[in-house]
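Engineer: Dumping the structure here so I can ask a few things about it.
The values are calculated or read from the model by the stated rules, or taken from the named source; none is laboratory data. Just so it is clear, the structure is predicted and the values come from calculations on it, not from any experiment. Cβ atoms come from the backbone with ideal geometry, glycine included; neighbour counts cover every protein chain shown. The accessibility values were calculated without ligands, DNA or RNA, using every heavy atom of the protein model including side chains. Shrake-Rupley method; radii C 1.70, N 1.55, O 1.52, S 1.80 Å.
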Amino acid sequence: ILNVEQSPQSLHVQEGDSTNFTCSFPSSNFYALHWYRWETAKSPEALFVMTLNGDEKKKGRISATLNTKEGYSYLYIKGSQPEDSATYLCASLAGANNLFFGTGTRLTVIP
Amino acid sequence: KAGVTQTPRYLIKTRGQQVTLSCSPISGHRSVSWYQQTPGQGLQFLFEYFSETQRNKGNFPGRFSGRQFSNSRSEMNVSTLELGDSALYLCASTGLAGSTGELFFGEGSRLTVL
């Protein structure tokens with residue numbers, strides 16, 4: 001079992017603010033790091049799959065970075081909008097072919 | 001193209017009963033994995049199937065089992081239900097063997113055990 005930790009557990013931001021959250025994972029035997037966005041009453045949707053140390057990916061106002069040597073990834077949201085309100089999950093793949101998920105960061109963007 | 005379909009979406013069972021959940025992956029996807037989510041817990045990996053073979057299994061008791069058919073549809077079964085089995089069960093498919101590719105999730109089956 002892989003220990004994947006996300007922080008903070010939840011946060012509230014004002015519309016227009018930028019925010020970021022952290023995913024920590026064991027750096028040994030690392031294969032890939034996934035980020036998912038999960039809106040209430042919907043299914044989780046993939047944001048990024050990252051494999052290389054130093055990788056940076058961007059999708060619109062959302063971006064992510066990866067540090068495999070120290071075992072962390074940051075997710076950034078620029079200019080948060082109410083539609084960004086969701087739970088953001090990260091998951092780490094190490095060795096075997098299954099993902100271990102963190103408990104998520106629940107983001108609420110206040111209009 | 002159609003997404004991942006899970007049935008039933010909601011169900012209520014009593015302790016001791018058994019339940020079967022179904023998952024139809026995206027057409028062409030051969031890998032199907034199952035996850036359990038309970039309040040306060042992250043998604044817990046149950047098992048993964050690829051081409052009708054179980055490739056990986058999580059840390060769940062033998063009451064949890066699954067299978068995959070030749071058309072890649074998958075079922076999971078939970079026997080002798082316990083109250084703690086109440087959860088949202090998600091399945092996900094991917095076109096790649098294993099989890100290096102992104103997962104496409106269904107909307108889940110919410111099981112309540114009374």
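Engineer: Mind listing just one residue for me: the one in the stretch A:85-101 that is open to solvent by less than 20 Å² (accessible area, probe 1.4 Å) and within 27 Å of residue A:16 (Cβ to Cβ) and, of those, nearest to the other protein chains (Cβ to nearest Cβ)?
Structural biologist: The residue in question is A:89.
Engineer: So residue A:59 clears everything in (1) buried (at least 17 other Cβ atoms within 10 Å of the Cβ); (2) under 21 Å from residue B:105 (Cα atoms) except one condition, right? Which one?
Structural biologist: The one condition residue A:59 does not meet is (1).
Engineer: For residues in the stretch A:1-46 being free of Cβ contacts under 8 Å to residues at least 40 places away in the same chain and part of a strand (DSSP E or B), which is least open to solvent (accessible area, probe 1.4 Å)?
Structural biologist: Among them, the one singled out is A:46.
Engineer: Here is a follow-up. For residue A:67, are the conditions met, namely being modelled with pLDDT of 95 or more and more than 13 Å from every other protein chain (Cβ to nearest Cβ)?
Structural biologist: Judged against the criteria, residue A:67 is a match.
Engineer: Could you check how many residues of the stretch B:8-28 are open to solvent by 70 Å² or more (accessible area, probe 1.4 Å) and of a type in the set (Ser, Thr, Tyr)?
Structural biologist: So the first thing to find is which residues in the stretch B:8-28 are open to solvent by 70 Å² or more (accessible area, probe 1.4 Å), and the list is B:9-10, B:12, B:15, B:17-18, B:27.
Next, from what is left, pick out any that are of a type in the set (Ser, Thr, Tyr): B:10, B:27.
Matching residues across the stretch B:8-28 total 2.
Engineer: Here is a follow-up. Collect the residues in the stretch B:65-104 that are open to solvent by 10 Å² or more (accessible area, probe 1.4 Å), among the hydrophobic types (A, V, I, L, M, F, W, C) and under 10 Å from the mean Cα position of the chain (by Cα), keeping them in residue-number order.
Structural biologist: Residue satisfying the conditions is B:88 alone.
Engineer: Follow-up. Filter the stretch A:51-64 down to the residues that are away from chain B (no Cβ under 14 Å) and assigned to a loop (DSSP other than H, G, I, E, B), then identify the one that is nearest to residue A:28 (Cα to Cα).
Structural biologist: Filtering the stretch A:51-64 for residues that are away from chain B (no Cβ under 14 Å) and assigned to a loop (DSSP other than H, G, I, E, B), the one nearest to residue A:28 (Cα to Cα) comes out as A:53.
Engineer: Here's something else I'd like to know. Quick one: in the stretch A:66-84, of everything that is in contact (Cβ under 8 Å) with a residue 40 or more places away in the chain and either touching a Leu at 6+ places or on another chain (Cβ under 6 Å) or of a type in the set (D, E, K, R) (or both), which residue is least open to solvent (accessible area, probe 1.4 Å)? Full working, then the answer.
Structural biologist: Taking the stretch A:66-84 and keeping what is in contact (Cβ under 8 Å) with a residue 40 or more places away in the chain, we get A:68-82.
Now drop any that are not either touching a Leu at 6+ places or on another chain (Cβ under 6 Å) or of a type in the set (D, E, K, R) (or both), which leaves A:69-70, A:73, A:78.
Details: A:69: 161, A:70: 133, A:73: 0, A:78: 145 Å².
In this case the residue turns out to be A:73.
Engineer: Which of (1) open to solvent by 30 Å² or more (accessible area, probe 1.4 Å); (2) touching a residue at least 60 places away in the same chain (Cβ under 8 Å); (3) within 11 Å of another protein chain (Cβ to nearest Cβ) does residue B:31 not meet, given it meets every other one?
Structural biologist: With (1) open to solvent by 30 Å² or more (accessible area, probe 1.4 Å); (2) touching a residue at least 60 places away in the same chain (Cβ under 8 Å); (3) within 11 Å of another protein chain (Cβ to nearest Cβ) applied to residue B:31, the lone miss is (1).
Engineer: Given the options B:93, B:22, B:74, name the one that is more than 26 Å from residue A:32 (Cα to Cα), in contact (Cβ under 8 Å) with a residue 24 or more places away in the chain and of a type in the set (Gly, Ala, Ser).
Structural biologist: So the residue among B:93, B:22, B:74 that is more than 26 Å from residue A:32 (Cα to Cα), in contact (Cβ under 8 Å) with a residue 24 or more places away in the chain and of a type in the set (Gly, Ala, Ser) is B:22.
Engineer: Kindly establish whether residue B:55 is within 13 Å of chain A (Cβ to nearest Cβ) and within 27 Å of residue A:9 (Cβ to Cβ).
Structural biologist: no
Engineer: Still on this structure, please answer the following. Within the stretch B:12-25, is even one residue among the hydroxyl-bearing types (Ser, Thr, Tyr) and at pLDDT below 95?
Structural biologist: No, the stretch B:12-25 has no match at all.
Engineer: Another one. Looking at the stretch B:38-52, which of its residues are closer than 18 Å to residue B:101 by Cβ and open to solvent by 30 Å² or more (accessible area, probe 1.4 Å)?
Structural biologist: Matches in the stretch B:38-52: B:50, B:51.
Engineer: Go through the stretch A:9-50 residue by residue and tally those that are within 12 Å of chain B (Cβ to nearest Cβ), within 24 Å of residue A:69 (Cα to Cα) and small (Gly, Ala, Ser).
Structural biologist: 2
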